[in-house]
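Following: one structure in structure tokens, then a few remarks.
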Amino acid sequence: MALPTDFIGCEVRRFGMTKYLFLTGGVVSSVGKGVAAAAIGKLLKERGFNPSIQKLDPYINVDPGTMSPYQHGEVYVLDDGAETDLDLGHYERFIDTSLSQVCNVTTGQIYSHVIAQERHGDFLGGTIQVIPHITNEIKRRIRMVPRDTKADIVLVEIGGTVGDIESLPFLEALRQMRSDLGRENTLYIHVTWLPFIGATGEIKTKPTQHSVRELRSIGISPDVIIARSDHPVGEELREKIALFCDVDRRAVIPLTTASLLYEVPLLLEREGLGDFILDRLSLVPKEKPNWSAWEALVAAERIKRPKVRIALVGKYVELQDAYMSVREAVRHAALEVGVEAEILWLHSAELEKGRGWDELKSSDGIIVPGGFGSRGIEGKIAAARYARENKIPYLGLCLGMQVMVIEFGRHVFGSEDVNSTEFNRNTPHPVIDLLPEQRGVDDMGGTMRLGLYPCQIVQNTKVSQAYEKNFVQERHRHRFEFNNTYREIFGEHGMLFSGLSPDNRLVEIAEFKDHPFMVGSQFHPEFLSRPSRPHPLFKSFMEATAEHSGVRSDKSTEKVDAPGNLIPDSK
Ligand code: GLN
């Protein structure tokens with residue numbers, strides 16, 4: 001097999017031959033391809049490899065940063081400040097790694113790059129075409145992953161469903177990568193959906209067959225089919241899919257909808273996917289998978305725990321995907337503290353109309369997450385007031401911190417005119433204001449304060465107790481900041497600035513002295529919470545919430561039993 005010289009020169013010499021797994025989706029969207037990719041990453045990590053996962057999104061936006069959460073769900077932020085698809089959150093949480101901006105590529109990025117090269121005259125008068133110019137650029141971006149992240153195995157997930165017009169150049173690039181790298185270094189995994197016909201009680205494979213045929217017409221023959229279903233898939237169906245789709249029977253992996261997200265790697269392991277992938281790519285495991293910690297996590301989630309109610313007061317609550325990482329961070333913290341957190345999804349604009357207050361008042365803790373724009377802002381401010389006055393645990397995430405500051409300003413100055421200049425440019429008390437460097441920024445895309453920034457923790461605060469550290473780094477995504485003009489007077493009235501930028505210029509975390517737990521961070525702690533490592537702020541908030549609800553979180557009383565063995569010992 002002839003390898004392109006850049007592969008020989010770079011990948012082989014530096015890392016050994018990188019292996020590529022390509023994940024496509026068939027039949028319908030939203031079948032959990034992102035979670036499947038993350039779970040496969042986990043199978044590889046457990047075997048001692050260093051996988052990285054890349055998402056190729058066929059839309060024309062340069063990144064999801066400018067898209068409405070209703071369109072796209074949460075915008076997930078990486079250490080390096082890349083604004084990415086929420087699937088990258090799944091990837092990071094499952095394989096417990098920090099990904100880089102090369103891990104999310106869109107059609108918009110590909111075309112802007114190629115067009116810029118064309119304008120620069122780089123193509124020496126050639127006609128620029130989808131094949132080879134766009135496909136070459138896609139391949140180049142895929143190959144950047146092992147160079148940038150030092151991954152030995154790269155999983156590439158293509159957004160959308162096979163058959164979409166916009167994904168064609170991506171699929172063509174994947175097809176070419178097999179000719180470039182050889183069968184032994186590439187694997188195509190197709191994730192499909194098996195519909196269930198209620199009238200006859202049958203699971204149908206026909207749409208999967210059609211989708212595989214569609215993929216074949218593009219020149220890609222899947223090596224593995226992950227067949228998603230709401231109902232258990234028997235051996236007979238597995239045989240049938242193998243026969244009709246021309247794949248190894250071992251390579252048909254049924255994946256029944258899991259009640260718990262973190263169970264998915266265990267289900268895939270049980271079906272033998274990890275071993276099949278390694279066999280097929282002639283890889284020898286570097287370590288024997290040890291699932292005990294992950295199994296314990298899943299088993300702990302199944303154990304009945306005392307319930308606490310968390311009100312999440314947001315603007316996009318109809319689409320819970322808009323708060324994916326917040327929901328996961330709550331889940332991680334609840335597990336650690338030994339409670340079960342029920343999230344009450346409250347629309348802040350409804351609170352403004354007097355609706356939803358009974359639910360808010362029934363909650364043991366309140367979270368106000370991030371957001372943009374003025375719709376529903378007064379409802380969030382009202383929720384913060386309720387939390388402060390009634391000493392209900394409160395966690396403010398970015399906008400949630402700003403809301404806490406506005407509310408306190410209104411209390412201190414006795415004036416409802418106190419505001420952020422995001423919502424009222426002419427407020428007499430701009431307690432939250434634009435950063436000087438943000439003034440005059442007209443472009444909306446990628447221009448916020450983004451990514452990891454350092455934060456000095458002030459001792460003898462609730463936040464220092466939570467972190468048990470003097471210095472942390474957290475991920476940001478915002479334009480507005482606490483206005484330092486108000487630091488002194490707010491301090492005199494009981495607000496503590498418990499996290500500051502090292503140069504003391506920016507307030508990163510605020511809390512109240514006389515409150516069991518009312519903390520707001522200018523950053524987004526939810527992006528760094530991991531299933532086995534809940535974020536300290538979420539954990540402390542959850543402890544305060546459990547305390548408030550009367551639940552004592554004495555870990556020794558709800559010790560998790562030895563986890564049920566979900567994985568057969570050997571295969
Ligand atoms: N809209 C606010 C700002 O830009 C908060 C952003 C956020 O919550 N991510 O500063």
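The values are calculated or read from the model by the stated rules, or taken from the named source; none is laboratory data. Quick caveat: nothing in here was measured; it's all calculated off a predicted structure. Cβ coordinates were reconstructed from backbone atoms using ideal geometry, including for glycine residues, and neighbour counts include every protein chain displayed. Note: areas computed on protein heavy atoms with side chains; ligands, DNA, RNA excluded. Shrake-Rupley method; radii C 1.70, N 1.55, O 1.52, S 1.80 Å.
Between Glu235 and Ser374, what length comes free when the chain is fully extended (0.36 nm per residue of separation minus the Cα-Cα distance, one decimal in nm)?
Working: separation 139, 0.36 × 139 = 50.04 nm, distance 5.44 nm.
Length difference between fully extended and current span is 44.6 nm.
Would you work out the charge dipole size for the chain about its Cα centre, treating the Cβ of every Lys and Arg as +1 and the Cβ of every Asp and Glu as -1, and quote it to the nearest 20 debye? Write down the numbers at each step before the final one.
On the way: 67 positive and 78 negative charges, 158 e Å.
In total the dipole reaches around 760 debye.
When peptides 499-505, 531-537 are sorted by average Cβ neighbour count within 10 Å, with the highest value leading, the order is 531-537, 499-505. A simple count of charges around Arg439, restricted to other residues whose Cβ falls under 14 Å of its Cβ and scoring Lys, Arg +1 and Asp, Glu -1, yields -3.
Loop exposure criterion: GluC sites (Glu not before Pro), DSSP state outside H, G, I, E and B, at most 12 other Cβ atoms within 10 Å. Applied to the chain, the longest stretch between such sites is 1-286.
All other residues with a Cβ under 12 Å from the Cβ of Thr427 taken together, and with Lys, Arg as +1 and Asp, Glu as -1, what is their net charge?
Values: positive: Arg410, Arg425; negative: Glu416, Asp417, Glu422, Asp433.
Around Thr427, the surrounding residues sum to -2.
Could you check the spin-label model distance between Asn390 and Ser112? Points 7 Å from the Cα along Cα→Cβ, value in nm. Placing both labels 7 Å beyond Cα along the Cβ direction yields 4.5 nm. The charge dipole of segment 117-250, taken about its Cα centre with unit charges on the Cβ atoms of Lys, Arg (+1), Asp and Glu (-1) only, comes to about 160 debye.
Where does the charge balance sit around Asp417 when Lys and Arg score +1, Asp and Glu -1, over other residues with C-beta under 14 Å from its C-beta? Don't skip to the end; give the middle numbers.
Details: positive: Arg410, Arg425; negative: Glu378, Glu407, Glu416.
Neighbour charge sum, excluding Asp417 itself: -1.
Taking a ≥ b ≥ c as the square roots of the eigenvalues of the Cα gyration tensor, segment 169-254 is classed as prolate, since a/c reaches at least 1.5 and a/b is larger than b/c. Alpha carbon centre of segment 302-342 versus segment 347-419: separation in Å? Rounded to whole Å, the Cα centres lie 18 Å apart. Between Asp321 and Lys206, take the C-beta separation as r, use R0 = 30 Å, and let me know the FRET efficiency to the nearest 0.05. The calculated FRET efficiency here is 0.55. Per residue, the accessible area of the chain comes to 41 Å², computed with a 1.4 Å probe over protein heavy atoms only. The stretch between Gln71 and Glu492 holds 147.2 nm of extra length on full extension. This uses 0.36 nm per residue minus the Cα-Cα distance.
When the Cα positions of His347, Gly65, Val35 are compared along the charge dipole of the chain, Val35 comes out farthest toward the positive end, with charges on each C-beta of Lys, Arg, Asp and Glu.
Nearest 5 percent is fine: what portion of the DSSP beta bridges confined to the chain is antiparallel?
The antiparallel fraction comes to roughly 35 percent.
Scanning residues 5 or more positions from Phe512 or on other chains, those with amide H under 5 Å from its amide H are Leu496, Met518, with H placed 1.01 Å from N in the peptide plane. For the residue pairs Lys150/Lys286; Lys42/Lys462; Lys19/Lys42; Lys55/Lys150; Lys55/Lys204, the C-alpha atoms sit more than 27 angstrom apart in Lys42/Lys462; Lys55/Lys204.
Need one word for segment 319-376: rounded, prolate or oblate. Basis is the Cα gyration tensor (sqrt eigenvalues a ≥ b ≥ c); a/c below 1.5 gives rounded, then a/b vs b/c decides.
Details: a/c = 2.86, a/b = 1.44, b/c = 1.98.
Oblate, because a/c is 1.5 or more while a/b does not exceed b/c.
Relative contact order, whole percent, for segment 77-218 stands at 16, derived from Cα pairs under 8 Å and 6 or more residues apart.
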